[in-house]
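A quick write-up on the structure given underneath.
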Amino acid sequence: MAYFKEIGKIKYEGANSDNPLAFKYYNPDEVIDGKSMKEHLRFSIAFWHTFQANGTDPFGSATAIRPWDAAADPIDLAKAKMEANFELCEKLQVPFFCFHDRDIAPEGASLKESYAILDKIVDYTKELMKTSPVRLLWGTANAFGHPRYVHGAATSCNADVFAFAAAQVKKAMEVTKELGGENYVFWGGREGYETLLNTDMKLETDNLARFLRMAVDYAKQIGFTGQFLIEPKPKEPTKHQYDFDAATVIGFLKTYGLDKHFKLNIEANHATLAGHTFQHELALARVNEMFGSIDANQGDMLLGWDTDQFPTNIYDTTLAMYETLKAGGFTTGGLNFDAKVRRGSFEPIDLVYAHISGMDAFAKGFKTAYKMLSDGKFEKFVAERYASYRTGIGKKIVEGRANFDTLSKYALENDHIKNASGRQEALEALLNQYILNS
Ligand code: XUL
Ligand code: CO
């Protein structure tokens, strides 16, 4: 059954097209540097926002009634949503989707029943995959929505909750493997605290590490070879989330000797909530060799919460793609639209417009970033800025052949220091020129 009946396959028509149902910059088959744009960008639809969200907010009820909502039985509804997912991905030429276990299958009255319901939907998804090119970018478990997770999952004060979360993640890993998922994501939904007055932070963070170690062991046990990703977020729903930002997660993984097993899934709105730019978080992941995947969205700079808007800011998409290309591009990761249409955009066609706008914004950002890197002007500037570390005393510092004695001897003879301009304004103007002209 078709759910987006009035929508055909969205095609590339170029920057001058006035068809809102066409791509202006995303040309999936255009080959750049030996790979198609489809392969470079690896877009993905987030099941939870696109097929679950209905416009409910803390002040009001649902505004969106979706064509698949006609299904009354919960299993039929879950199947209908999965059909709609494949239809939308195919029409938008999006090669991947991502889900939480509870997005695709409702929770049962017992854990055993939940397993059985999930199996049913996974079987149905496998059926749909037989005739569709659409694949799973990543799976994850929703270990934050149910009331049992009120105090967290792996960081709950209640060991029974830890055990339940382990059982849920075990199954989510199994189904991710079964569906050929290329990654498995850990976002610590309620892994944090509300007040330190009731919190044993040491036990909670040790337990989080224990949980992740068990996941690593279980992946080995079942032969799941997908990439494990951790998605940092500083706050919301808890006051303080342990996976605060990229730097915190990297430090945490290294402390517990888990760093070889994980990469990062960087979300734009989580970066800005942590007080960083999207580019900063991606750069940190890259320089630590932990660049994995991206949750593509944007926040509202005037609001302090996770608005999860579709990404349209060309500066941000350009700089995000600049970092992505510098990291060598995506391998198992991709650009997952962890974004929801606004409450006022309640028609199904708004989901189509939203994805088109995000895909075009990233396609344009990608092309601009590619041009910036091919011309190499920024990289050349940076290389020259640090030239003093390639010869003389700088070379000795970098190669570990200097110490405070030798440096003090050197400084005593070279204390008339000459610095060069950082040229920030000129570089920002150059960035504008690339964005406007490419
Ligand atoms: C929440 C968020 C999650 C993760 C997956 O802010 O981003 O949806 O992406 O659990
Ligand atoms: Co996310």
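The values are calculated or read from the model by the stated rules, or taken from the named source; none is laboratory data. Please read these numbers as outputs of a predicted model, since none were measured by experiment. All Cβ positions, glycine included, derive from the backbone under ideal geometry; neighbour counts span all protein chains shown. The area values use the complete protein model at the heavy-atom level, side chains included, leaving out ligands, DNA and RNA. Shrake-Rupley method; radii C 1.70, N 1.55, O 1.52, S 1.80 Å.
Can you find even one residue in the range 218-229 that is over 25 Å from M372 (Cα atoms), open to solvent by less than 20 Å² (accessible area, probe 1.4 Å) and within 13 Å of ligand 2 (Cβ to nearest atom)? Yes, the range 218-229 has at least one match. From the list P237, P232, the one residue that fits, being surrounded by fewer than 21 Cβ atoms within 10 Å (Cβ to Cβ) and at pLDDT 95 or above, is P237.
When D295 is tested against (1) open to solvent by less than 50 Å² (accessible area, probe 1.4 Å); (2) within 14 Å of the chain's Cα centre (by Cα); (3) more than 13 Å from ligand 2 (Cβ to nearest atom), only condition (3) is not met.
For the range 156-172, the condition holds for no residue, the condition being that it is hydroxyl-bearing (S, T, Y) and within 24 Å of the chain's Cα centre (by Cα).
One line per residue, one yes/no per condition, for (1) in a helix (DSSP H, G or I); (2) closer than 30 Å to S36 by Cβ; (3) more than 16 Å from ligand 1 (Cβ to nearest atom):
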residue	(1), (2), (3)
N265	no, yes, no
E289	no, yes, yes
P311	no, yes, no
M321	yes, yes, yes
T324	yes, yes, yes
F330	no, yes, yes
A339	no, yes, no
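Exactly one residue out of L302, L258, L282 is aliphatic (A, V, I, L, M), surrounded by 22 or more Cβ atoms within 10 Å (Cβ to Cβ) and away from ligand 1 (no atom under 13 Å from the Cβ): that is L282.
Surrounded by fewer than 24 Cβ atoms within 10 Å (Cβ to Cβ) and within 15 Å of ligand 1 (Cβ to nearest atom): is that true of G275 in this structure? In short, no. Among the residues of the range 261-272, those identified as open to solvent by 20 Å² or more (accessible area, probe 1.4 Å) and either over 16 Å from F186 (Cα atoms) or within 16 Å of ligand 2 (Cβ to nearest atom) (or both) are K263, T272.
Of the residues screened, T317 is one that is open to solvent by less than 10 Å² (accessible area, probe 1.4 Å), touching a residue at least 24 places away in the same chain (Cβ under 8 Å) and more than 15 Å from ligand 1 (Cβ to nearest atom). Entry remark, the range 230-246: residues being away from ligand 1 (no atom under 12 Å from the Cβ) and basic (K, R) number 1 in total. Of all residues in the range 157-179, those satisfying the criterion of being away from ligand 1 (no atom under 16 Å from the Cβ) and assigned to a helix (DSSP H, G or I) are A159, D160, V161, F162, A163, F164, A166, A167, K170, E174, K177, E178. Which members of the range 118-148 meet the condition of being outside any loop (DSSP other than H, G, I, E, B) and crowded, with 19+ Cβ neighbours inside 10 Å? Passing the criteria: L118, I121, V122, T125, L136, L137, W138, G139, T140.
Pairs linking a residue in the range 376-400 that is assigned to a helix (DSSP H, G or I) to a residue that is at pLDDT 95 or above and of a type in the set (V, I, T), with Cβ atoms under 9 Å and 6 or more positions apart or on different chains, are Y389/I397; Y389/V398; I393/T406; K396/T406. Restricted to helices (runs of 4 or more DSSP H) entirely inside the range 4-115, those with at least 3 residues that are over 24 Å from the mean Cα position of the chain (by Cα) and either modelled with pLDDT of 95 or more or surrounded by 14 or more Cβ atoms within 10 Å (Cβ to Cβ) (or both) are 74-92. Looking only at residues that are in a loop (DSSP other than H, G, I, E, B), of a type outside the set (D, E, K, R) and within 16 Å of ligand 2 (Cβ to nearest atom) in the range 180-205, which one is most open to solvent (accessible area, probe 1.4 Å)? Among residues in the range 180-205 that are in a loop (DSSP other than H, G, I, E, B), of a type outside the set (D, E, K, R) and within 16 Å of ligand 2 (Cβ to nearest atom), the one most open to solvent (accessible area, probe 1.4 Å) is W187. Residue pairs whose Cβ atoms lie under 8 Å apart, sitting 6 or more positions apart in sequence or on different chains, and linking a residue in the range 117-140 that is under 19 Å from P106 (Cα atoms) to a partner that is assigned to a helix (DSSP H, G or I) and open to solvent by 80 Å² or more (accessible area, probe 1.4 Å), are V122/E178; K126/E178. Within this structure, M359 passes the test of being away from ligand 1 (no atom under 16 Å from the Cβ), within 29 Å of E182 (Cα to Cα) and part of a helix (DSSP H, G or I). Applying a threshold of 7 Å to beta carbon distances and a minimum spacing of six or more residues, or different chains, the list of pairs starting in the range 218-240 at a residue that is within 18 Å of S293 (Cα to Cα) and ending at one that is within 15 Å of ligand 2 (Cβ to nearest atom) and among the basic types (K, R) reads Q227/K263; L229/K263.
Filter the range 18-44 for residues that are over 23 Å from E347 (Cα atoms) and of a type in the set (S, T, Y) and give the result.
Selection gives Y25, Y26, S36.
Residue check: is F244 outside any strand (DSSP E or B), without any contact (Cβ under 8 Å) to a residue 60 or more places away in the chain and within 25 Å of L319 (Cα to Cα)? Judged against the criteria, F244 is a match. Among the residues of the range 401-432, just one is in a loop (DSSP other than H, G, I, E, B), open to solvent by 100 Å² or more (accessible area, probe 1.4 Å) and of a type in the set (S, T, N, Q), namely N419.
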